[in-house]
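Working notes, beginning with the structure itself.
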Amino acid sequence: SSGVSNRPFTMSNSTPATDNEKKKGKGNRSPYSPSRVLHIRQIPSGVTGAEVVSLGLPFGKVTNLLMLTGKAMYWLQAFLEMASIDAAVSMVNYYTPAAPHLHNQPVYIQYSNYKELRTDNQHNQARPQAALQGVNAVQHGNLGITNALAAEGGVLPSHGSVLRIVVENVFYPVTLDILYQIFSKFGFVMKIVMFHKNNQFQALLQYADATNAYYAKMSLDGHSIYTGCCTLRIDFSKLTTLTVKYNNDKSRDFTRIDLPFGDGQRTVETSVSTPFATQNTIFPSYTGPSGFAPALGFPQGAELGPLMVTTSAAPGHMTIPGIPGNSVLLVSNLNPEAITPYGLFILFGVYGDVHRVKIMFKKRGIALVQMADAAQAQLAINYLNGQRLYGRVMHTTLSKYQTIQLPREGQEDKGLTKDYSNSPLHRFKNPCSKNFQNIFPPSATLHLSNIPPSVTVDDLKNLFTSKGSTVKGFKFFQKDCKMALIQLGSVEEAVHALIELHNHDFGENQHLRVSFSKSSI
């Protein structure tokens, strides 16, 4: 029958349901009404039942699995039964625009015309069923996921339990707590170390078990934490274990609470009840893996590839974990002889739209910087805390103040408080701006744009040299001579040059644009 059948599916040697599914599966996606049972086709030979089950885990509990050999021996197909129709709908909706890959090959998912699977006493289903049971044990808090792979013929991962994580296009802040909340869905996370390398945000994360690392990589690699940004690129590290000396905002050993916090910021204990700022960003509404412990602070609506947890937050609004609702930064250990409100406006403006800046009248080495929102404030902390500026290591953290008050009329201020809320130099006013995709940590290489045709290489080198920079390298973009890269003597030199030369006036209303680059020359 081509309609939706309410009878249970019982596997037989003739596999009539399989032929029917294949006929319906050609061309466009499934014509069937939503069902708990999903048909997965064009699975490469060698894919295990545990790998197929992992496709469904982020959306909810997988209640049954049937693995079949297709007409072409190198293709397999499978039927996956989810615990609820909502979970199945979320899975199909997620994978329809971008097919998942198994063994580097795309596989295609559609609704089945069957309402449930019955695989009792079916031949050749012992391994898939054992795999399903093993994975479900993990969903209920048991780290026996090893049993799932062992049931597939003892094919255990040959890698270790340490993952290397690169986060691309970091617009919203990615904290250690966020990484823990995401990756702890797949097993016990023992240690995390975060750092910047090659102008990229990176982290090393160690699981208690290598198989947990395997499933985390399979499920999370290539997915974005937030819509359109913070994309995870995950590989297995060559390290077998991580050494963590401090428990702070950059490193954490979850097996040892006795470690000192060192030079990093002392970590703040988070809980589901912690008040966080609300960011009005639309995300898919998944119900999340029903068997996993909720990740702290992640409400319904936060995109994590397909990964979600369930809380009571309203769909369509996300609460960013670890970000109190404060957009005012306290910046200290500044050089009072060199710092200006405009300099802070330009530097912090790389990571968000700065609305106000106030240098303390009696303590010129301390300033307040008010960003457009709490997310941008946290982003600035992530990238600028610990950065050298005018010979000093700058400290950046959240302020106790909720806003910067402008001086009253007649109040002595000496120009130390500035309002930039309507500045034309804001980089992120346009929500479609490419600047959202080009946020990088301070680096010795600067990206220059909006260069007039009349300006030469020597002109630009001389311009930067005149501001005290040592030019180590320079090159124009081949496809666009309005853009170039310039490499300076140090990161601190590049920070100074960006402050001095961003918006430099070449005349005839042409202004230089300067930002940090992820590339080097």
* So is residue 414 within 24 Å of residue 356 (Cα to Cα), open to solvent by less than 100 Å² (accessible area, probe 1.4 Å) and basic (Lys, Arg) or not? -> no
* Structure fact -> Restricting attention to the stretch 477-521, the residues that are open to solvent by 20 Å² or more (accessible area, probe 1.4 Å), outside any helix (DSSP H, G or I) and within 21 Å of residue 338 (Cβ to Cβ) number exactly 4
* Asked: Among all residue pairs at least 6 apart or on different chains, which show Cβ distances below 7 Å where the first residue, located in the stretch 318-339, is modelled with pLDDT under 90 and the second is of a type in the set (Val, Ile, Thr)?
  -> 318/281; 319/278; 321/178; 321/270; 322/175; 322/178; 322/270
* To do: Give me a count of the residues in the stretch 78-119 that are of a type in the set (A, V, I, L, M, F, W, C) and assigned to a helix (DSSP H, G or I).
  => 6
* Asked: Looking at the stretch 261-272, is at least one residue open to solvent by 60 Å² or more (accessible area, probe 1.4 Å) and at pLDDT 50 or above?
  -> yes
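What number of residues within the stretch 357-409 satisfy the criterion of being open to solvent by 40 Å² or more (accessible area, probe 1.4 Å), among the hydroxyl-bearing types (Ser, Thr, Tyr) and in a loop (DSSP other than H, G, I, E, B)? Even if it seems obvious, please write down each step before you answer.
Residues of the stretch 357-409 open to solvent by 40 Å² or more (accessible area, probe 1.4 Å): 358, 360-364, 366, 372-373, 385-386, 388, 390-393, 395, 397-398, 400-403, 405-409.
Narrowing the set further to residues that are among the hydroxyl-bearing types (Ser, Thr, Tyr) leaves 390, 397, 401, 403.
If we keep only those that are in a loop (DSSP other than H, G, I, E, B) as well, we get 390, 401, 403.
Number satisfying all stated conditions: 3.
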* Of the conditions (1) over 28 Å from residue 226 (Cα atoms); (2) in contact with a Lys or Arg (Cβ under 8 Å, 6 or more places away or on another chain), residue 421 fails just one. Which one is it? -> (1)
* Structure fact -> Filtering the stretch 421-479 for residues that are closer than 30 Å to residue 404 by Cα and not polar (S, T, N, Q) leaves a count of 14
* If you go through the stretch 402-417 one residue at a time, how many are of a type in the set (Asp, Glu) and closer than 17 Å to residue 366 by Cα? -> 1
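Per-residue answers, yes or no, for (1) outside the structural domain of residue 372 (by the TED database); (2) without any contact (Cβ under 8 Å) to a residue 24 or more places away in the chain:
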site	(1), (2)
385	no, no
388	no, no
395	no, no
401	no, no
406	no, no
411	no, yes
414	no, no
426	yes, no
430	yes, yes
* **Residue list for the stretch 46-99, filter: among the small types (Gly, Ala, Ser), modelled with pLDDT under 85, open to solvent by 20 Å² or more (accessible area, probe 1.4 Å) and over 18 Å from residue 110 (Cβ atoms)** => 46, 72
* Structure fact -> Checked pairs for the stretch 40-59, first under 20 Å from residue 113 (Cα atoms), second among the hydrophobic types (A, V, I, L, M, F, W, C) and part of a loop (DSSP other than H, G, I, E, B), C-beta under 6 Å and 6 or more apart or across chains, list as 40/107; 42/107; 43/107
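Test residue 458 against the criterion of being over 22 Å from residue 392 (Cα atoms), part of a loop (DSSP other than H, G, I, E, B) and of a type in the set (Asp, Glu), and give yes or no.
Here the answer is no, as residue 458 does not meet what is asked.
The values are calculated or read from the model by the stated rules, or taken from the named source; none is laboratory data. Model, not experiment: these values are computed from the prediction. Note that we place each Cβ from the backbone using ideal geometry, even for glycine, and neighbour counts take in every protein chain shown. Keep in mind that these areas ignore ligands, DNA and RNA; they rest on the heavy atoms of the full protein, side chains included. Shrake-Rupley method; radii C 1.70, N 1.55, O 1.52, S 1.80 Å.
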